[in-house]
1. What three numbers, in Å, describe the spread of the alpha carbons of segment 1-151 along their principal axes, ordered from the longest?
2. Label segment 10-58 by shape, choosing from rounded, prolate and oblate, from the square roots a ≥ b ≥ c of the eigenvalues of the Cα gyration tensor; if a/c is under 1.5 it is rounded, and otherwise prolate applies when a/b is larger than b/c, oblate when it is not.
3. Round to the nearest 10 and report in Å² the accessible area of residue 35, as given by a 1.4 Å probe over the protein chains' heavy atoms.
4. Can you put 5, 47 in order of accessible area, largest first, using a 1.4 Å probe?
5. Obtain the nm distance between the two label points defined at residue 125 and residue 59 by a simple spin-label model: each point lies 7 Å from its Cα along the Cα-to-C-beta direction.
6. Using just the Cα positions, wrap segment 30-99 in a convex hull and report its mean projected area in square nanometres, one decimal place.
Amino acid sequence: EESNWVAAHAFATRHRWAADYRAVLNLEAIGAGGDLVAFQMGPRAGWLASALGDAGTQRGSVFAHDLFQIPGFPAGDDFKTLVAHAPHRGGAVRVTGVDFATIEAGYHYHTPLDQPVDTGGYPQMRSHGEGLLAKTRAAMAGLRRELDAAAADGGNGGAAGAAGAPPATQL
């Protein structure tokens, strides 16, 4: 674990790709196993929610999202840092995303019992990997549609299309 999410902050503010990323798919663990649950969405993420639905994302809740929006709430993660500190163009939010987490077996989390073999094993890890790959592909397809819509509207349209967004061919 890292404090203050310094690696995410450094990426968002200093990495050579910082000006180019548009979507964040973040994987967290709040428990030691179980299915992935979408628990937080970024701003203007309707297009992303729709795209992820095409990939078979079956579980999600806005409850945690609402908690994370409380000023001074003592929790955060890489997702919030990557969205909050992304460079903005013309004052427009141009980065969105989704936060996924495993939430089951929380009583094992960060204890000696927190072992993959005890919480679903390698088949579950493989399932998570395959699911995340499908979600990434679906998010990329959705982002391409949004950026193409923004380009067709002179950079002003589409949920992901802040002014100056590159065409999808540059992704």
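The values are calculated or read from the model by the stated rules, or taken from the named source; none is laboratory data. Keep in mind that what you see is a predicted model, and the values were worked out from it rather than measured. Reconstructed Cβ throughout: ideal geometry from the backbone, glycine too, with neighbour counts over all protein chains shown. Keep in mind that these areas ignore ligands, DNA and RNA; they rest on the heavy atoms of the full protein, side chains included. Shrake-Rupley method; radii C 1.70, N 1.55, O 1.52, S 1.80 Å.
1. 48, 34, 30
2. Note, shape of segment 10-58 comes out oblate.
3. 80 Å²
4. Accessible-area ranking of 5, 47, largest first: 5, 47.
5. 1.9 nm
6. It is 5.6 nm².
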